[in-house]
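Below is one structure, written out as structure tokens; comments come after it.
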Amino acid sequence: MFSCRKAFLTLGLIAVTGYVSAQATGMYPGIGRNATPKEVAAWDIDVRPDFKGLPKGSGTVAKGQDVWEAKCAQCHGIFGESNEVFNPLVGGTTAEDVKSGRVAKLKDPDGGRTTFMKVASLSTVWDYINRAMPWTAPKSLSTDEVYSVTAFLLNLAGVVPDNFTLSDKNIGEVQARMPNRNGMQTRHAMWPGNEFGGTKRPDTANVACMKNCATEPTVASFLPDFARDAHGNLQEQNRIVGPQRGADTSKPEGKSAATGTTTPVAVAQATTAAKPAAASDAAAPDGKAALALATKSGCTVCHGVSNKIVGPAFSDVAKKYAGKPDYLAGKIKSGGSGLWGPIPMPPQTLSDADAKTIAAWLATGSVK
């Protein structure tokens, strides 16, 4: 009986294997269809270090400055130097670095790091701008705008002159002037094969612990209020490199050092569940429709309904600005920073009607 069952299972496995093999050749009767060349092209946008995949186009430094100031400076600063949201993009490179292809400042253990100090391949810069920027509307830049913004950054980094036009025809020549083009290490066995002149021996010798391993430590203490300022404000003592600033220990947790006002976390804890009369009297909009509109407009990239992501949670905004739909609609359209921390919210491009719908949803406290 066991042998008979085993034989049937074997036959079944062979049949399934044959079926899967047939499916792998594209034989899915009545299920789906092959992607069209246009659909494949829409996804196939990667640009290799040898610039294969780079679309035809061009852009000037001057046009790049216009696009930058309109769509990029709000997060990266007018000159790519901002350290508020992300690390600085430009700075720390010299004319000598452009000649040698190795950024000397990278040897300084105490120096800051910028993107153009580290990046070796210009294709990385072009590809990332093309697929991910601006942060609030990825892939919204035209091909020529991507060339223009890249040219502007190259100009800020001292790689190309003010009157330069970057294109698919000369980008390889510009690659030969990247400040850290010779600073990338390839002999680390991170890629298979020898196409990068690598080695099959990893550059680490870690061994996984299999017995008598150390247990994960459990943190059972915290910094009490009376000890927070024992060594001054830790936030002010950190290097101003990178978006991490450290804890502000000049005030008890939950307070702002600059104003002494309660932070969003404390506001959420201290606010009662009761809605103000102005909010309760207003007709609550359709919450699902408003949330769907906020998602479509890109708001949920930075805001969670009940949790902070980059910006505050919708629920915290609703509590703080209950009964103020006009104010919220204005802030959605104009953007700003400083109310919920140093990270700015860029101006949003949605219509006035959509902004008012989202604002009314927040102002009536109907966020769920």
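Data overview
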{"item": "Residue that is nearest to E173 (Cα to Cα), among those in the stretch 26-55 that are surrounded by fewer than 10 Cβ atoms within 10 Å (Cβ to Cβ) and small (G, A, S)", "result": "G26"}
{"item": "Residue match in the stretch 140-159 (condition: among the charged types (D, E, K, R) and in a loop (DSSP other than H, G, I, E, B))", "result": "no"}
{"item": "Hits in the stretch 125-167 (condition: closer than 12 Å to S58 by Cβ, small (G, A, S) and buried (at least 21 other Cβ atoms within 10 Å of the Cβ))", "result": "S148, A151"}
{"item": "Criterion: under 20 Å from D144 (Cα atoms), out of contact with any Pro (no Cβ under 8 Å at 6 or more places or on another chain) and not assigned by TED's automatic domain parsing to the domain that holds N130 - qualifying residue of A73, A35, A42", "result": "A42"}
{"item": "Cβ-Cβ under 6 Å pairs, at least 6 apart or on other chains, the stretch 98-110 side in a loop (DSSP other than H, G, I, E, B), far side surrounded by 15 or more Cβ atoms within 10 Å (Cβ to Cβ)", "result": "G101/R181; R102/G183; V103/T93; V103/D97; V103/M117; V103/P179; V103/N180"}
{"item": "Some residue of the stretch 9-25 being modelled with pLDDT of 85 or more and surrounded by fewer than 16 Cβ atoms within 10 Å (Cβ to Cβ)", "result": "no"}
{"item": "The stretch 314-337: number of residues that are without any contact (Cβ under 8 Å) to a residue 60 or more places away in the chain and in contact with a Pro (Cβ under 8 Å, 6 or more places away or on another chain)", "result": "7"}
{"item": "Cβ-Cβ under 8 Å pairs, at least 6 apart or on other chains, the stretch 135-149 side in contact (Cβ under 8 Å) with a residue 12 or more places away in the chain, far side surrounded by 19 or more Cβ atoms within 10 Å (Cβ to Cβ) and part of a loop (DSSP other than H, G, I, E, B)", "result": "W135/P346; T136/P346; T136/Q348; L141/M133; L141/P134; V149/C72; V149/M133; V149/L141"}
{"item": "Selected residue (criterion: nearest to V174 (Cα to Cα)) from residues of the stretch 86-99 that are surrounded by 15 or more Cβ atoms within 10 Å (Cβ to Cβ) and over 18 Å from the mean Cα position of the chain (by Cα)", "result": "V98"}
{"item": "Test: residue in the stretch 89-105 that is of a type in the set (K, R), touching a helix residue (DSSP H, G or I) at 6+ places or on another chain (Cβ under 9 Å) and outside the structural domain of S337 (by TED's automatic domain parsing)", "result": "yes"}
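The values are calculated or read from the model by the stated rules, or taken from the named source; none is laboratory data. These figures come from a predicted structure and were not determined experimentally. A quick note on method: Cβ atoms are made from the backbone with ideal geometry, for glycine too, and the neighbour counts reach across all protein chains shown.
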